[in-house]
1. May I ask you to list the residues in the range 156-175 that are under 14 Å from the mean Cα position of the chain (by Cα) and not in a helix (DSSP H, G or I)?
2. Restricting to the range 111-122, give me the number of residues that are without any contact (Cβ under 8 Å) to a residue 24 or more places away in the chain and within 21 Å of Glu57 (Cα to Cα).
3. Show the residue pairs that are 6+ apart or on different chains and have beta-carbon atoms under 7 Å apart, the first residue being within the range 158-182 and of a type outside the set (A, V, I, L, M, F, W, C) and loosely packed, with under 13 Cβ neighbours inside 10 Å, the second being at pLDDT 95 or above and assigned to a loop (DSSP other than H, G, I, E, B).
4. Looking at the range 179-193, can you tell me whether even one residue there is β-branched (Val, Ile, Thr) and in contact with a Leu (Cβ under 9 Å, 6 or more places away or on another chain)?
Amino acid sequence: MEDRKFVQPLLLVIVFIIMGAAFAGMTTPSESYIQIQEDCANYSDDADGDGDMGFIEDSDCHDFPYSSGKGEIGQNNAGAGQAGTYQPFFDLTVDFVRGFVQIECGGSLNNCIGTNFDTETKFYCWFEQNVMFEDFLSMFDEFFNVNQILPDDGSLAAYFQTCPNFPNQPPATFPLIEYQSTSPLPVNSGGSGGGK
């Protein structure tokens, strides 16, 4: 009889391992999302020769930033309407701004391009108003409402949660719609809410 005492706990362990493996298989890896087009991600190169570089400047990237399109060369919304396959537009912009900080500022908000914000959300709101040629709210509105390329994936609501009345205090962290490929930037303890 004592030989059977370990069977029930062993079965529970096996069930938990199987359940864990099943749930781990339910996560959505980055490869399953259509993310930013390479020309658009490279903001220091003008791929189409029109004088505008990448997602910061090029209106073709603003109109359709996804890799299923033509990037800087021109809008091509092939596959539009399949909202579940695209990284949410808001999440894409968060990844883009975090990538910019990684490249230009070594991943630190401390004195990043002449600012000194304490949180990444404040930098994001400042960045879209002062660096981007077209602000994110206008891009989201044109993409979802005016041109109706894809149904709204929650990007407008996430934007309003983040930058409702900047420079008033946005939240300390970003809302997550579905998938952000980048990790949050560390808080800049020496920074300020006003970025100075």
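The values are calculated or read from the model by the stated rules, or taken from the named source; none is laboratory data. It should be emphasised that the depicted structure is a prediction, and the values quoted were computed from it without experimental measurement. Virtual Cβ from ideal backbone geometry, glycine too; neighbours counted across all protein chains shown.
1. Thr173, Phe174, Pro175
2. Number of matching residues: 3.
3. The qualifying pairs are Thr173/Pro184.
4. So far as the range 179-193 goes, yes, one or more of its residues are β-branched (Val, Ile, Thr) and in contact with a Leu (Cβ under 9 Å, 6 or more places away or on another chain).
Residues are listed down the side, and each one gets a yes or a no for (1) at pLDDT 50 or above; (2) within 23 Å of the chain's Cα centre (by Cα):
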| residue | (1), (2) |
| --- | --- |
| Val15 | no, no |
| Ala22 | no, no |
| Ser30 | yes, yes |
| Asp39 | yes, yes |
| Asp48 | yes, no |
| Phe55 | yes, yes |
| Pro65 | yes, yes |
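Table: residues versus (1) out of contact with any strand residue (DSSP E or B) (no Cβ under 8 Å at 6 or more places or on another chain); (2) part of a helix (DSSP H, G or I); (3) within 18 Å of Cys61 (Cα to Cα).
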position: Arg98; (1), (2), (3): yes, yes, yes
position: Val101; (1), (2), (3): yes, yes, no
position: Glu104; (1), (2), (3): yes, yes, no
position: Leu109; (1), (2), (3): no, no, no
position: Glu134; (1), (2), (3): yes, no, yes
position: Met139; (1), (2), (3): yes, yes, yes
position: Gln180; (1), (2), (3): yes, no, no
